[in-house]
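The values are calculated or read from the model by the stated rules, or taken from the named source; none is laboratory data. Predicted model, so just to flag it, every value in this text is computed and none were measured. A quick note on method: Cβ atoms are made from the backbone with ideal geometry, for glycine too, and the neighbour counts reach across all protein chains shown.
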Amino acid sequence: MLGDNPVPQKGDRVLVPLGKRKTVGIVTGVSETTQLETGRLRSVIRVFNEVAPLSAEWLAMMDFAADYYLRPRGEAALSALPAFFRQPPTPAYDKRLQRLRELKQKKIKHEPAPELNDEQKSAAQAVSSSTGYSPFLLFGVTGSGKTEVYLHIIESTLAADPEAQVMLLVPEINLTPQLEARVRGRFSDTAVVTLHSNLTQLERARSWLALHEGRARILVGTRLAVFSSFKKLALVIVDEEHDASYKGGDGMRFSARDVAVKRAFDNKIACVLGSATPSLETWQQVLKGSYRLLKLTHRAVAAAHLPQMQLVDVSQRRPEVFAPLVKDAVTEAIAAGGQVLIFINRRGYAPVISCTACGWVSRCVHCSGFTVYHKAEHRLVCHHCGTRYEVPSHCPVCGNAEILPVGTGTQRIEEAIAALWPEARLLRIDRDSVRSKSAAESAFKAVHAGDVDIVVGTQMIAKGHDFKRVSLVVVLNADAQLVSPDVRAEERLYATLMQVAGRAGRAERPGRVLIQTRFPNHPMYADLMAQNYEKFAARLLKDRKESASPPFCRQALLLAQARTLDRTMGFLRRAKEKAEGLDSRDVIVYEPVPMPLMRLKDWERGQLLVESASRARLHAFLSVWLQALSQPDARDAGTQWTIEIDPVGI
């Protein structure tokens, strides 16, 4: 029923009464008849027709995502909208909407397109000349100029259609500013917008609206941008497609890469996935012939070559931060005027502090993990929940006054560097030292300008950065992932090491990479030294096929948490019993187990893995199982649970 409002259309946002409150909804269909009693019908309060309805393509995409990831359709669709467009309007709504339409573009000097080499030209031409749904893997070594290929493809797409729009996804926020700057420089006369979690709600709403109305033609964004509403989406690009950051961790746990490919399929357009170390799922699609492979085998700068890689065996020596060979190499690199990048995937000063008498180690009371010692603020910090603790003056168990840091973090490395090379200009880049967008931009600007001799950092420095002056990369503590039980651990470590190694030798200056390891004979390191991803992928795919692991099976994970582990595991055991009463042909339901990080923020967590060789069989089973799990049970009071499709961490 309607008040004095115009008739809603499919895709309109509307304000409707829900119980005693008013809420925003989306019209998914319109009917002139109903079987409901008149007394149960309520009037639409307002139709927000000052903004064009959401397109049929967007609605269908959200329906697919909700069904595939087993979430309610309304929850999925509304959560994909910026907060401004899913909240009841304030008295200033119309005035604020008008302000949102004022798209302010930064004035950036136009940067002309450089000449592409033959491989780049071939790749760009292949995409630009494609028609209909065309999935490509742009497989290029680090420094091969994948971004330049993206820009040429974008240019030809926009030139071919004055209404065409492009979606360019990147895995992490800290990569967005530099890529945004390159895009704006190349397309200085074109409206470019960004979408990522560091924007304010109004900034997100402004970018979203500009895309929805077709005023913005290029979107650069992180995973949340994949659900943007476009007037005419014509090209999809996913940079660093292998990156785990594309997988959502809260609410609807979607894969932005997979959704992006689905959007390209629905819109019958080209989709380009780019990576120097593709995910095995994507590589298998290439081997099957489902994706077309485009190779960039050389670095874009003619004088640049892939770095020389060397393992430094530290298995037989007393633990120190740097091996003698590494110390000499750092000294030589600085003396020659080059920059040194030291990578360790661990923040803080040391992973734990420990008692020398009884072996007590510092732990978080809210999580089943260690607290990390941060020397600068003299605090113990849990990197899972963020809780900070005072450093005890003596052991809380035995009273011993000698409690010392154990292990190495970025802060401890920073201290060691300052002692070994006191004249060097040192900069640490991690989530503790660089907490804001402006701080990150300033830090990377200093590196690019040559104002830094040694950079020490975590994953933030490993991906996507074009450091022209880096001649030496040193990798510490890489071995930890080799002993992880996660089936994807080796794949992720290889990708990380190739990414960080790729920061060296990107210009005329030759590059060198030194990796300290206690396992120099591990086959992953042999593949890494050869810098041969195809050989590495072939070995892992053989192992995965023999063990029926992804991408040769489909997985789902039932995740549960409660205030006690007994309640959590009780729910999971009952869930397995319900599964056994269903038609589970071709589906394997494993035993429930506690999660590796069992306690997080005072919640005790567990998981139950489900597998099948058939995606269709798995989803058919999950749909019925979900209904069974949703039946009320007093024993499950206070238990929170969700089903994750295609989990990337088990």
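Summary table
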item	result
Residue in segment 34-46 that is within 11 Å of Lys10 (Cα to Cα) and either part of a loop (DSSP other than H, G, I, E, B) or free of Cβ contacts under 8 Å to residues at least 40 places away in the same chain (or both) present	no
Condition met for Ala637 (small (Gly, Ala, Ser) and in contact with a Leu (Cβ under 8 Å, 6 or more places away or on another chain))	no
From Arg428, Arg412, residue being part of a strand (DSSP E or B) and among the charged types (D, E, K, R)	Arg428
Pick from segment 72-93, criterion part of a loop (DSSP other than H, G, I, E, B) and touching a residue at least 40 places away in the same chain (Cβ under 8 Å), ranking: nearest to Thr142 (Cα to Cα)	Ala80
Residue list for segment 104-156, filter: part of a loop (DSSP other than H, G, I, E, B) and among the aliphatic types (A, V, I, L, M)	Ile108, Ala113, Leu116, Val141
Some residue of segment 369-383 being surrounded by fewer than 16 Cβ atoms within 10 Å (Cβ to Cβ) and polar (S, T, N, Q)	no
Flag if Ser144 is touching a residue at least 60 places away in the same chain (Cβ under 8 Å) and not acidic (Asp, Glu)	yes
Which listed residue, of Val500, Val475, Val452, is part of a helix (DSSP H, G or I), among the aliphatic types (A, V, I, L, M) and either at pLDDT 80 or above or surrounded by 19 or more Cβ atoms within 10 Å (Cβ to Cβ) (or both)	Val500
Cβ pairs under 9 Å, 6+ apart, first in segment 603-622 and outside any strand (DSSP E or B), second acidic (Asp, Glu) and at pLDDT 95 or above	Leu618/Glu611; His619/Asp67
Selection status of Leu168, in contact with a Ser or Thr (Cβ under 9 Å, 6 or more places away or on another chain), crowded, with 17+ Cβ neighbours inside 10 Å and part of a strand (DSSP E or B)	no
Glu115 modelled with pLDDT under 95 and surrounded by fewer than 10 Cβ atoms within 10 Å (Cβ to Cβ)	yes
Strands (runs of 3 or more DSSP E) fully within segment 260-371 counting 1 or more residues that are farther than 30 Å from Phe552 by Cα	308-313, 339-344, 352-355
Matching entry among Ser129, Ser144 (being of a type in the set (Ser, Thr, Tyr) and in contact with an Asp or Glu (Cβ under 8 Å, 6 or more places away or on another chain))	Ser144
Failed criterion for Thr410 (all others in (1) over 31 Å from the mean Cα position of the chain (by Cα); (2) in contact (Cβ under 8 Å) with a residue 60 or more places away in the chain hold)	(1)
Residue within segment 22-38 that is in contact with a helix residue (DSSP H, G or I) (Cβ under 6 Å, 6 or more places away or on another chain) and surrounded by 15 or more Cβ atoms within 10 Å (Cβ to Cβ) present	yes
Residue count for segment 590-611, restricted to those that are β-branched (Val, Ile, Thr) and at pLDDT below 95	1
Matching entry among Arg13, Arg101, Arg96 (being of a type outside the set (A, V, I, L, M, F, W, C), touching a residue at least 12 places away in the same chain (Cβ under 8 Å) and crowded, with 17+ Cβ neighbours inside 10 Å)	Arg13
Tally, over segment 357-370, of residues that are under 21 Å from Gln411 (Cβ atoms) and at pLDDT below 85	2
First in segment 324-344 and over 15 Å from Ile413 (Cα atoms), second anywhere and among the charged types (D, E, K, R) and assigned to a helix (DSSP H, G or I), Cβ under 9 Å, 6 or more apart	Gly338/Glu332
